[in-house]
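Every read-out reported here was derived from the displayed coordinates using simple, explicitly stated rules and does not represent laboratory data. These numbers were taken from a predicted model, which means no experiment stands behind them. Glycine gets a Cβ as well: all are built from the backbone with ideal geometry, and neighbour counts include every protein chain shown.
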């Protein structure tokens, strides 16, 4: 989950006050992924997101203690990222 904590990262959840304000990653943000992450890193990110979306009861806050969002909000945020990525990087 380190990728979501990076302050300048397109994944930064702290950029959003409310998870309902976040519709998912834009096509422009998705296009930048290969510039920011290697193919191996992207594969790991996709795998972690798929796992996260299948485990809503996991304590994501324990991995992301600096985020001001609830565990439920973090889960919804991860789901929205995963859905937006699946549109452009189908499994």
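Taken over segment 76-91, residues that are part of a loop (DSSP other than H, G, I, E, B) and exposed (fewer than 12 other Cβ atoms within 10 Å of the Cβ) amount to 2.
Restricting to segment 14-31, what's the tally of residues that are without any contact (Cβ under 8 Å) to a residue 40 or more places away in the chain and surrounded by 13 or more Cβ atoms within 10 Å (Cβ to Cβ)? Total meeting the criteria: 1. Answer yes or no as to whether residue 73 is within 18 Å of residue 18 (Cα to Cα) and surrounded by 15 or more Cβ atoms within 10 Å (Cβ to Cβ). When the stated conditions are applied, residue 73 passes them.
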